[in-house]
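A.B. asks: The structure follows.
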Amino acid sequence: MAGDQTVVWIAPEKSLEILTWLKDDPAQQYDMMSDVTGVDYGSGRPIEVVYQMFSTVHKRALRLRCRLPLEALEIDSVAGLWHSANWLEREVYDLFGVTFKGHPDLRRILMPFDYAEGHPLRKDFPLRGRFSRAEQTRRALAQDVERFYGSQELAHGGPPQQVPARTEPEAEG
Amino acid sequence: MAERTIEVSVGRNPEMGVDGFPAASPMRPFDVPEPRLDTEEMLINIGPQHPATHGVLRLICELDGETVMSVTPDIGYLHSSFEKLGEYRTWNQIVPLTDRMDYLAPLIYNCAYVMAVEKLMGIEVTERCKVVRVICMELDRIFGHLLWLGTTAIDVGAFTPFLYAFQQRERIYTLHEALTGARITTSATRVGGMMADLPEGWVNELLDFLNTFPDTLHEIDSLLTRNQIHIGRTQGVGAIGAADAINYGLTGPNLRAAGVDYDVRKDRPYYDYETYDFDVPIGEHGDCYDRYLCRMEEMRQSVQILHQAIARLPGGPINVQDPNISLPSKTECMSDMESMIHHFKLITDGIPAPEGDCYMAIEGSKGELGMYVVAEEGSTKPVRWRIRPPSFVNLSTIAKLAEGHLVSDLIMINASLDIVLGEIDR
């Protein structure tokens, strides 16, 4: 307990089991997953995944913290238990590089889907980005326009078709 | 806990109008049998530059005729990396970042951030400061809801409420300007207090606003609440059940419209909200119309809270009297050696925080706004500063809400969620 806030540390390999119990047990019933986020302390220390939960039945809040070593940034996804965790876990994946196992749609969400510079909220990520401004401009100019469309859009349209060459109307007279 | 009621109850018999008479021109597009035509699935893109998306939001819609089969929101166009920027700034330097997130209700964000930092550091602000912050937050709840009201009414074709609402917003802008010197980027709070005390005469100007604003609200109410076109466009559109709403993480008026009794001000009270007398409106159907009713009632309740806050506004200092937290006055700084040293230390180093983490949730205008700060021993900058964005979580439900509705209803559903992209993308 820290002040009026209840904090529980959990082991990553047990996380899904514990979270399922917290959601379903009649004495707990944490039915709202308010927030999922990450914390990077830098200098090689483990990255934390933090869950903020609330029970609308018992009107109480709970915070779960879970340490993930840098060499195994993996934890079970809880998007199947709470739909709200879907986007929140995507954000942690995007900004910290934590892989959520079993997530239905683990893509980048805030950064562009083809972002090549890594995970911005990690402490080893420089504030102005990994690439210089010149490199960023060069990459932007060299981009294939097709890649601006998401994979879902391209899949929907089927394989790209050859656009017929434009024929100039013959000048009259 | 005060009794929670919702005043307006409009008949829901589709054959009848609101007064029990047959409706003159009900909007019932679903009852017309559709002619059998060959249809083709189509993928269209709404936004990112489109006024109906209420910001730089892109919606990729898969359509069957005019029916939405699936929606995929694409966000991140406004990503400014505020959370990363915050890790390079001292506690007080972060305040200007907070009002750039929700520029529709900036004072709520200013207050929420410093409340989290004060909780982390164990600072108890003065009684006057608490009441002034309650005034700021409730004023900006009206401010945020008015923008929602005006723009949403436009989306369903009603132009007049927009003008009425923005006229009132302009008056709140003037109040902002008198209080902080800025209309939108207020940056009004500091750790341990406010940037400045209320200027002379400000409370009277606020009272003047509070005395005339309910009349305008009533006019808007009479234009929309029993309007057949508005009812036809909102009732039964984008409905969500209570259990689903909780599971999808909806908060604020969106959750309460679905019939869930959860308001942070009542359930996790802060700043003596339990001593204010106000009701929390609860909806029943969870559709766009109930969200509209909940927000209208919330504005009226905010006016009540503001009246009570003004009545109890105590005197005394607004900042905590601790030279290690609050800046000394300019005169003291220039005449007293010790004050000058404190000033120098505060500006160059900042306020040292104890080791720990702290999550502070408050009821923003869009929903539960959480601020999570993590600090190491003695650090004057956060190790991590996280905003629990209410709009971000609310927007993630749009795929579920819009499925099976028409494209024009998708616009209404998107508007009814009351999103602000500055905060979604951060």
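The values are calculated or read from the model by the stated rules, or taken from the named source; none is laboratory data. Note that the coordinates shown come from a computational prediction; the quantities given were computed from them, not determined experimentally. Glycine also receives a Cβ, built like all others from the backbone with ideal geometry; neighbour counts cover every protein chain displayed. Surface accessibility is based on the protein's heavy atoms, side chains included, excluding ligands, DNA and RNA. Shrake-Rupley method; radii C 1.70, N 1.55, O 1.52, S 1.80 Å.
A.B. asks: Return the pairs, sorted by first residue and then second, in which the second residue is of a type in the set (S, T, Y), the first residue lies in the stretch B:118-138 and is more than 14 Å from every other protein chain (Cβ to nearest Cβ), the beta carbons are less than 7 Å apart, and the residues are 6+ apart or on different chains.
C.D. replies: B:K130/B:Y271; B:R133/B:Y271; B:V134/B:Y271; B:E138/B:S302
A.B. asks: So, one more: Within the group A:A165, A:A140, A:A134, which residue is surrounded by fewer than 10 Cβ atoms within 10 Å (Cβ to Cβ), small (G, A, S) and at pLDDT 80 or above?
C.D. replies: A:A134
A.B. asks: Within the stretch B:354-374, count every residue that is closer than 21 Å to B:Y262 by Cα and assigned to a strand (DSSP E or B).
C.D. replies: Selection size over the stretch B:354-374: 10.
A.B. asks: Follow-up question, since we're still on this one. Just need a number here: residues in the stretch A:49-91 that are within 10 Å of chain B (Cβ to nearest Cβ) and either of a type in the set (D, E) or part of a helix (DSSP H, G or I) (or both).
C.D. replies: The total comes to 6.
A.B. asks: Another one. Within the stretch B:90-107, identify whether any single residue is open to solvent by 10 Å² or more (accessible area, probe 1.4 Å), basic (K, R), in contact (Cβ under 8 Å) with a residue 12 or more places away in the chain and within 14 Å of another protein chain (Cβ to nearest Cβ), and answer yes or no.
C.D. replies: Within the stretch B:90-107 (the criterion being open to solvent by 10 Å² or more (accessible area, probe 1.4 Å), basic (K, R), in contact (Cβ under 8 Å) with a residue 12 or more places away in the chain and within 14 Å of another protein chain (Cβ to nearest Cβ)), the answer is no, since none of the residues qualifies.
A.B. asks: Just checking, does the stretch B:414-426 include any residue being outside any loop (DSSP other than H, G, I, E, B), in contact (Cβ under 8 Å) with a residue 24 or more places away in the chain, touching a helix residue (DSSP H, G or I) at 6+ places or on another chain (Cβ under 9 Å) and over 28 Å from B:E138 (Cβ atoms)?
C.D. replies: No, every residue in the stretch B:414-426 fails to be outside any loop (DSSP other than H, G, I, E, B), in contact (Cβ under 8 Å) with a residue 24 or more places away in the chain, touching a helix residue (DSSP H, G or I) at 6+ places or on another chain (Cβ under 9 Å) and over 28 Å from B:E138 (Cβ atoms).
A.B. asks: Turning to a different aspect of this structure: Looking only at helices (runs of 4 or more DSSP H) that fall completely inside the stretch B:207-320, which ones have 2 or more residues that are more than 14 Å from every other protein chain (Cβ to nearest Cβ) and acidic (D, E)?
C.D. replies: B:288-312
A.B. asks: Which one is nearest to the other protein chains (Cβ to nearest Cβ), of the residues in the stretch A:99-117 that are modelled with pLDDT under 85 and within 25 Å of A:S43 (Cα to Cα)?
C.D. replies: A:Y115
A.B. asks: Based on this model, can you work out whether B:T67 counts as away from chain A (no Cβ under 14 Å), closer than 28 Å to B:P354 by Cα and among the polar types (S, T, N, Q)?
C.D. replies: No: the conditions fail for B:T67.
A.B. asks: Which count do you get for residues in the stretch A:22-36 that are assigned to a loop (DSSP other than H, G, I, E, B) and either farther than 19 Å from B:V393 by Cβ or touching an Asp or Glu at 6+ places or on another chain (Cβ under 7 Å) (or both)?
C.D. replies: The number of residues fulfilling the criteria is 5.
A.B. asks: When the residues of the stretch B:368-420 are narrowed to those that are away from chain A (no Cβ under 14 Å) and of a type in the set (D, E), which ends up farthest from A:R45 (Cα to Cα)?
C.D. replies: Result: B:D409.
A.B. asks: I'm told B:K345 meets every condition in (1) more than 14 Å from every other protein chain (Cβ to nearest Cβ); (2) outside any helix (DSSP H, G or I) except one. Can you identify the failing condition by its number?
C.D. replies: It is condition (2) that B:K345 fails.
A.B. asks: Might you check whether a residue that is crowded, with 23+ Cβ neighbours inside 10 Å and aliphatic (A, V, I, L, M) occurs anywhere in the stretch B:166-177?
C.D. replies: There is no residue in the stretch B:166-177 that is crowded, with 23+ Cβ neighbours inside 10 Å and aliphatic (A, V, I, L, M).
A.B. asks: Could you identify the single residue in B:L250, B:L224, B:L255, B:L293 that is within 22 Å of B:R169 (Cβ to Cβ) and within 20 Å of the chain's Cα centre (by Cα)?
C.D. replies: B:L293
A.B. asks: Taking the stated definitions as given, is B:A112 at pLDDT 90 or above, on the phi < 0 side of the Ramachandran plot and not basic (K, R)?
C.D. replies: In short, yes.
A.B. asks: I'd like the residue in the stretch A:37-48 that is in a loop (DSSP other than H, G, I, E, B) and on the phi < 0 side of the Ramachandran plot and, out of all such residues, is farthest from the other protein chains (Cβ to nearest Cβ).
C.D. replies: The qualifying residue farthest from the other protein chains (Cβ to nearest Cβ) is A:P46.
A.B. asks: Of the numbered conditions (1) more than 13 Å from the chain's Cα centre (by Cα); (2) open to solvent by 10 Å² or more (accessible area, probe 1.4 Å); (3) modelled with pLDDT of 90 or more, A:R90 fails exactly one; give the number of that condition.
C.D. replies: Status for A:R90: all satisfied but (1).
A.B. asks: Here is a further query. Which of (1) within 14 Å of chain A (Cβ to nearest Cβ); (2) more than 30 Å from B:M412 (Cβ to Cβ) does B:E363 not meet, given it meets every other one?
C.D. replies: Failed condition: (2).
A.B. asks: Could I ask something else about it? Which pairs have Cβ atoms under 8 Å, sit 6 or more apart or on different chains, and link a residue in the stretch B:139-157 that is on the phi > 0 side of the Ramachandran plot to one that is open to solvent by 10 Å² or more (accessible area, probe 1.4 Å)?
C.D. replies: Hits for this filter: B:G157/B:I229; B:G157/B:R233.
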